[in-house]
Amino acid sequence: MNGKKVLVTGARGMLGSALMNYFGNKDTIGFGSEFDITDLNMVSKKLEIFKPDIIIHTAAYTDVEVCEVNRDKAYKINTIGTQNLVNYCIGKDVLFIYISSTGIYGRGKNTPYTEFDKANPSTIHHKSKYEGELVVQNHLSKYLILRTGWLYGGEKTHNKNFVYKRFLEASNNDALYSDNTQIGNPTYVVDFVKQIQILIEKNQYGIFNCVNGAVNISRYDYVKKIVELFDVRCNVNIAPDGMFARVAPVSHNESAINYKLNMLGLNVMGSWEESLAKYIIDLKSEI
Ligand SMILES: NC(=O)c1ccc[n+]([C@@H]2O[C@H](COP(=O)([O-])OP(=O)(O)OC[C@H]3O[C@@H](n4cnc5c(N)ncnc54)[C@H](OP(=O)(O)O)[C@@H]3O)[C@@H](O)[C@H]2O)c1
């Protein structure tokens, strides 16, 4: 990154490890949860030592269901953890990149959200992530807030590998069930990382949706496409009402478009189907 020192939080996570693979060099440092972002002293000390030019903050408490019943932990990691990192950046020439979610738009409409729609988060997870956004916006001027969709990618062994998990399920069952009521954007971490690089290179600041293109794509469409691309003999059925009942009141619509990236001519994130096909070709070569 042109000699700039980059620090990645959550570097062992799904997105964090893709960032480390892409940016990883002597000027990039990645921390897992041993760098506890809720520990203000540790955060300040480590940042003072490394003196990053860019912080890419991916670390988060990401389990939407668990956040709903563990609200203190959700706000402590997602909001206060972000605040601890932001505090270091105040008054310094540091680009702060905060990874957020299209889920923060909540339940306002049935069509894809743009950056000009108001945030109206409906779950504790998304509320705590949105509060993190506000901390960034209220205290810094040199920032990117990037709202992304249903992320996938990474190693087979990653415990959050949704795509590989569905492959295993489909391989071991005659039928799978999936929810056709919730829509969103399956988004490949590799595409997202490339988009982040472009935003940095083009000196962009502010809020951007960063998702692979997908209109009206449900979890059911997503799972059906995964099974089809792996070429596994397994029926994918629409789940009956209540089969995937959730504790968290997640919006039925988490879909978005990269409205600002499109207007700026900077959108490099292709269609969800093409990216999923690329990823599954890679995974198949390892199976
Ligand atoms: N996954 C999605 O579908 C999705 C959708 C929209 C937005 N996002 C956002 O994208 C970002 C990356 O998500 P992801 O899917 O890559 O998440 P992930 O795989 O769950 O990674 C999150 C990482 O955060 C680290 N972490 C948790 N608590 C921490 C703490 N107190 N201090 C420091 N690190 C801590 C964990 O580190 P250890 O592994 O070392 O424990 C974990 O690896 C998150 O900000 C998330 O909100 C994700």
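The values are calculated or read from the model by the stated rules, or taken from the named source; none is laboratory data. Since the model is a prediction, treat every value here as computed from it, not as a measurement. Neighbour counts are summed over all protein chains in view; Cβ atoms, including those assigned to glycine, are modelled from backbone coordinates with ideal geometry.
Here the condition is being in contact (Cβ under 8 Å) with a residue 12 or more places away in the chain, more than 9 Å from the ligand (Cβ to nearest atom) and surrounded by 19 or more Cβ atoms within 10 Å (Cβ to Cβ); of 10, 3, 30, it holds for 30 alone. Under the condition of being in contact (Cβ under 8 Å) with a residue 24 or more places away in the chain and either away from the ligand (no atom under 11 Å from the Cβ) or closer than 9 Å to residue 6 by Cα (or both), the residues counted in segment 33-55 number 10.
Against the condition without any contact (Cβ under 8 Å) to a residue 24 or more places away in the chain, buried (at least 17 other Cβ atoms within 10 Å of the Cβ) and hydrophobic (A, V, I, L, M, F, W, C), how does residue 119 come out, does it pass? Judged against the criteria, residue 119 is a match.
Annotation for segment 224-233: at least one member residue is within 23 Å of the chain's Cα centre (by Cα), crowded, with 17+ Cβ neighbours inside 10 Å, among the basic types (Lys, Arg) and within 27 Å of residue 66 (Cα to Cα). Yes or no: residue 201 over 20 Å from residue 102 (Cα atoms), at pLDDT 95 or above and among the acidic types (Asp, Glu)? Taking the combined requirement at face value, the residue satisfies it. Annotation note: Cβ proximity below 8 Å between a residue of segment 80-99 that is more than 19 Å from residue 199 (Cβ to Cβ) and a residue that is of a type in the set (Gly, Ala, Ser) and surrounded by fewer than 22 Cβ atoms within 10 Å (Cβ to Cβ) (sequence gap 6+ or interchain) occurs for 84/44; 87/44; 88/44. With respect to the stated conditions, residue 147 fails to be out of contact with any helix residue (DSSP H, G or I) (no Cβ under 9 Å at 6 or more places or on another chain), at pLDDT 95 or above, within 30 Å of residue 69 (Cα to Cα) and crowded, with 18+ Cβ neighbours inside 10 Å. Among the residues of segment 258-287, those that are within 15 Å of residue 112 (Cβ to Cβ), out of contact with any Gly (no Cβ under 6 Å at 6 or more places or on another chain) and in contact (Cβ under 8 Å) with a residue 12 or more places away in the chain comprise 258, 259, 260, 261, 267, 269, 272.
Candidates are the residues of segment 80-103 that are within 12 Å of the ligand (Cβ to nearest atom) and touching an Asp or Glu at 6+ places or on another chain (Cβ under 7 Å); the one that is farthest from residue 55 (Cα to Cα) is 103. What is the number of the single condition among (1) surrounded by fewer than 18 Cβ atoms within 10 Å (Cβ to Cβ); (2) in contact with a Phe, Trp or Tyr (Cβ under 9 Å, 6 or more places away or on another chain); (3) under 24 Å from residue 194 (Cβ atoms) that residue 57 does not meet? The one condition residue 57 does not meet is (1). Kindly list the number of the only condition in (1) among the charged types (D, E, K, R); (2) closer than 21 Å to residue 148 by Cα; (3) surrounded by fewer than 19 Cβ atoms within 10 Å (Cβ to Cβ); (4) within 15 Å of the ligand (Cβ to nearest atom) that fails for residue 127. Every listed condition holds for residue 127 apart from (3). Summed over segment 223-232, residues that are on the phi < 0 side of the Ramachandran plot and free of Cβ contacts under 8 Å to residues at least 40 places away in the same chain total 1. Of the candidates 143, 220, 177, 152, the single residue that is in contact (Cβ under 8 Å) with a residue 40 or more places away in the chain and under 23 Å from residue 263 (Cα atoms) is 143.
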